[in-house]
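Trainee: One structure, pasted below without further comment.
The values are calculated or read from the model by the stated rules, or taken from the named source; none is laboratory data. Because the structure is a prediction, the values reported are computed rather than measured. Because the Cβ atoms are built from the backbone with ideal geometry, glycine has one as well, and the counts that use them run over all protein chains shown.
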Amino acid sequence: MEKFLKEFDFIVVIYKVVDNEIYFCEVSENFYTVENIAYDVIDKRLIDVFPQVIENGIYDKILNVYNTGESATFELNFGNCRYNYIYKSDEDFVKVAYNEKHLSKSEELEMIINNMNSAFAIHEMIFENGIPIDYKFIKINKSFKKITGLNDVIGKTIKEILGEDSNVWIKLYSEIFTKNKTLHFEKYSYIFKKWFLIDAYKQNPCRFVTIFQDISDAKIKERQHLDIINSTLTASYLTNREGCLVAANDKGCEYFNKTREELIGIKMSDLFPPEITEYKRKKSLEAIFTGLPVYFIDQIDDQYFENYIYPILNDNGSIEYIAIHGKNITEEENIKKELEKAKISAEKSDLLKSLFLANMSHEIRTPMNSIIGFSDILLDKNYDNTNQEKFLKTINANATHLEELINNILDYAKIEAGELDLELLYEKFSINELFEELEDIFIDINNKKNIDSVNIIFEKRDDNDLIVSDFLRLKQVLYNLISNAIKFTENGHIRIGTRLKDNIITFFVEDSGIGIPENKLKIIFDKFVQVDASSKKEHQGTGLGLSIAKSIVDILGGNIWVDSTQKEGSTFFFTLPLEESQHIKINQPIEIEYDFSNINVMVLEDIPENYSLLGIMLKSMKVKINWSVSSTEALKIFKDKSCDIDAIFIDMSLSNTNIGNFIEKLKQIDEDITIIIISVTNMINIKDIDFQIVKPITKEKISKILNQFY
Ligand code: ADP
């Protein structure tokens, strides 16, 4: 300070800034006389001593110098002084020197140059044949000496000072003349071991000015921060306190589809839509005020982003940078949502299952009670045979109902295990044939129900063409739909028919019954769903019929849906795609001819009836057969060198045989033998099986295996 005062004939004031408030820290002696102030101003607030600084903008100017580090000169009355120069010193203080007397412009400039923090130099370019080859130092300021450590340079050329190392600088500055450019760049100097931020411009045809700062400290810090943000997998940015981007990693540039150069210096808030910026700004402020990291998720259109905002403190403990890490977590969020949905649906299905079990016990008990009760009466020694036929009819009806229930449950189990499609049995038949069978069943059922107020109409087809499908499964779908129609229709009609268009056949079952509420139209095809699931419900049922129908239609390649109006009736539709091969004219019957005469198999079966069924099928497919009734006999045949059997059919129910052991022994004799197991369920636990046929055995199942293997 003393040195400062001796060198200059100015008033000098040093301010400090605490919590955005400017305080007097030190003042030169002449301050009190010039400003005519009799009291001690040290540690007093600037606005208390000079209240007018708020109004004339000086207060903001000082703060701006403090915040940006950029010096400022202004002609405004500041106390009794008009010409003021403010700059930020090395410490965190703002020094203000304001002159008492009016300086000439050049004097003023001189003062600024001499007192600025940046190095300043005027050079003269030396040309040879119009090409810049060296430059001379004409003028330098104090900061130049301080920053470069070079004192005695005036009149010397850069080559004289740096030797060969000067070439790089000459080349750089030559562009000011050859390309007529103003330069602004950062450069590391290996000679000075410093980073410089340099501005250079042409003063006249052979002179140029350089102004530069030592930015090594900032560079080191920036490098460290860059290393940190570059090591993250997220899109990462570094902003200063004002929210301007100072660094971004590759992912961060990618996100905004901009280069790093384009991004640096831009305010983060200019990169996002205003509503998002406002939210992010609040979160950044939270990080700044608390000094703690802030985490939040935000949504832009249909994308989700996870954000971390970390305040980075400088050595004094105040915030210097803000690091922002953003990651697109849309995929994770969507998976989370799906899982949530799946969880809810699993809980719902669990609840439905419990309801189903409660319902089932009721559904099974009702017919069971009837069967047991009436058969007890019939068996009673004292029973006099009155109403015998009526009782037997009741028992029969209940037993039939029970059978239906059990079939439904078994089908449901098969659907759940994904087995239903394995069992499809395609054959050719006419729709009228199918309708006639259903008609017989339902006329009978309707008669038993003693309802004559419901008219069941089967619309037969005129063409009587054949289709290829699974007759029994198709019948089951229609059976379920018609049973429901009968169940939920008190009077009116039930109409069953078909429409053929574009090789798709649509079946419909229309009724004039109670109808279905609109909000249930889609879910009634889900398993266990019933419109009225209460224990006091009027109609019997398990909630499985439609879900089984839907599964079968799905497997057959069609769709099922319903149109319904409450109190007016419902129409269930389902389609079957008819490939050319499946829609066959009646006068072109097809009979599949199998010829597996090159295949030699053994059938290991101890029950002659079973053997004969399989034997007949295999023979009709021209397969050569050896029949063996025991595993010992079979092994003997295989040991015979001349045996050329390709495959063996083994019935799981073979008595007195450990099939696992037998297969092991057989494989030791003939490791290429194909093992085909015949069983009643597909749940068997035996090693080394090539194929499995679940009963009932059909030619299609056998041919599928023989075709696949050979
Ligand atoms: P359920 O064994 O209960 O009949 P379904 O799966 O066959 O099971 O049917 C589910 C529910 O859909 C039924 O409980 C009933 O509420 C409704 N529903 C099915 N068909 C009809 C119909 N033709 N008219 C009115 N409601 C029906």
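Trainee: Here is a check on your reading of the model: is Glu439 modelled with pLDDT of 80 or more, within 23 Å of Ser570 (Cβ to Cβ) and acidic (Asp, Glu)?
Mentor: yes
Trainee: Taking the stated definitions as given, is Tyr304 modelled with pLDDT of 85 or more, in contact with a strand residue (DSSP E or B) (Cβ under 7 Å, 6 or more places away or on another chain) and among the hydroxyl-bearing types (Ser, Thr, Tyr)?
Mentor: Taking the combined requirement at face value, the residue satisfies it.
Trainee: Just the residues that are over 44 Å from the mean Cα position of the chain (by Cα) and either within 9 Å of the ligand (Cβ to nearest atom) or among the acidic types (Asp, Glu) (or both), please, taken from the range 459-482.
Mentor: Listed by number, the residues that qualify are Glu459, Asp462, Asp463, Asp465.
Trainee: Let me confirm something: among Ile297, Ile229, which residue is on the phi < 0 side of the Ramachandran plot, aliphatic (A, V, I, L, M) and modelled with pLDDT under 80?
Mentor: Ile229
Trainee: Another one. Could you figure out which of (1) surrounded by 15 or more Cβ atoms within 10 Å (Cβ to Cβ); (2) within 17 Å of Ile329 (Cα to Cα) isn't true of Tyr310?
Mentor: Result: Tyr310 fails condition (2) only.
Trainee: Can you name the residue in the range 478-528 that is polar (S, T, N, Q) and closer than 26 Å to Lys348 by Cα and is also surrounded by the fewest Cβ atoms within 10 Å (Cβ to Cβ) among such residues?
Mentor: Taking the candidates together, the pick is Asn519.
Trainee: Could you identify the single residue in Tyr39, Tyr59, Tyr85 that is closer than 26 Å to Ile215 by Cβ and either in contact with a helix residue (DSSP H, G or I) (Cβ under 9 Å, 6 or more places away or on another chain) or at pLDDT 75 or above (or both)?
Mentor: Going through Tyr39, Tyr59, Tyr85 in turn, just one is closer than 26 Å to Ile215 by Cβ and either in contact with a helix residue (DSSP H, G or I) (Cβ under 9 Å, 6 or more places away or on another chain) or at pLDDT 75 or above (or both): Tyr85.
Trainee: Filter the range 585-641 down to the residues that are modelled with pLDDT under 75 and within 30 Å of Asn432 (Cβ to Cβ), then identify the one that is farthest from the chain's Cα centre (by Cα).
Mentor: If we take residues in the range 585-641 being modelled with pLDDT under 75 and within 30 Å of Asn432 (Cβ to Cβ), then Asn587 is farthest from the chain's Cα centre (by Cα).
Trainee: Tell me, please, whether a residue that is on the phi > 0 side of the Ramachandran plot, modelled with pLDDT of 85 or more and surrounded by fewer than 21 Cβ atoms within 10 Å (Cβ to Cβ) can be found in the range 462-475.
Mentor: no
Trainee: Whether any residue in the range 252-259 is under 30 Å from Gly149 (Cβ atoms) and surrounded by 14 or more Cβ atoms within 10 Å (Cβ to Cβ) is what I want to check.
Mentor: no
Trainee: For the range 656-710, which positions are among the basic types (Lys, Arg) and without any contact (Cβ under 8 Å) to a residue 40 or more places away in the chain?
Mentor: Lys665, Lys667, Lys687, Lys695, Lys701, Lys704, listed by residue number.
Trainee: On the basis of being of a type in the set (Lys, Arg), within 28 Å of Ser71 (Cβ to Cβ), touching a residue at least 12 places away in the same chain (Cβ under 8 Å) and in contact with a Phe, Trp or Tyr (Cβ under 8 Å, 6 or more places away or on another chain), does Lys136 make the cut?
Mentor: no
Trainee: Name the helices (runs of 4 or more DSSP H) wholly inside the range 239-305 in which the number of residues that are within 27 Å of the chain's Cα centre (by Cα) is 3 or more.
Mentor: Helices (runs of 4 or more DSSP H) meeting the threshold: 250-256, 274-290.
Trainee: Right, next: Would you please list the contacts, defined by Cβ atoms under 6 Å and residues six or more apart or on different chains, that run from a residue in the range 474-487 that is among the charged types (D, E, K, R) to a residue that is near the ligand (Cβ under 8 Å from one of its atoms)?
Mentor: If the second residue must be near the ligand (Cβ under 8 Å from one of its atoms), the pairs left are Lys487/His539.
Trainee: Which one is nearest to Thr542 (Cα to Cα) among residues in the range 349-387 that are surrounded by 12 or more Cβ atoms within 10 Å (Cβ to Cβ) and polar (S, T, N, Q)?
Mentor: The selected residue is Asn359.
Trainee: If a residue has to be near the ligand (Cβ under 9 Å from one of its atoms) and touching an Asp or Glu at 6+ places or on another chain (Cβ under 9 Å) to count, how many in the range 511-529 make the cut?
Mentor: Residues meeting the conditions: 4.
Trainee: Condition (residue is surrounded by fewer than 15 Cβ atoms within 10 Å (Cβ to Cβ), modelled with pLDDT of 90 or more and within 14 Å of the ligand (Cβ to nearest atom)) applied to the range 568-584: is it met by at least one residue?
Mentor: Looking for residues that are surrounded by fewer than 15 Cβ atoms within 10 Å (Cβ to Cβ), modelled with pLDDT of 90 or more and within 14 Å of the ligand (Cβ to nearest atom), one finds at least one in the range 568-584, hence yes.
Trainee: Among the numbered conditions (1) modelled with pLDDT of 90 or more; (2) closer than 23 Å to Asp440 by Cβ; (3) not in a loop (DSSP other than H, G, I, E, B), tell me where Leu546 comes up short.
Mentor: For Leu546, the exception is condition (2).
Trainee: Do any residues in the range 22-34 that are closer than 15 Å to Phe78 by Cα and hydrophobic (A, V, I, L, M, F, W, C) have Cβ atoms under 6 Å from those of residues that are modelled with pLDDT of 85 or more and in a helix (DSSP H, G or I), where the two are at least six apart or on different chains, and which pairs are they?
Mentor: Going by the 6 Å Cβ cut-off, the qualifying pairs are Ile22/Leu46; Ile22/Ile62.
Trainee: Among Glu416, Glu423, which is the only one that is on the phi < 0 side of the Ramachandran plot, surrounded by fewer than 17 Cβ atoms within 10 Å (Cβ to Cβ) and modelled with pLDDT of 70 or more?
Mentor: Glu416
Trainee: Now a separate question. Any residue in the range 616-630 that is under 13 Å from Ile650 (Cβ atoms) sitting within a Cβ distance under 6 Å of a residue that is among the small types (Gly, Ala, Ser)? List the pairs, counting only those 6 or more apart or interchain.
Mentor: Close Cβ pairs satisfying both conditions: Ser628/Ala634.
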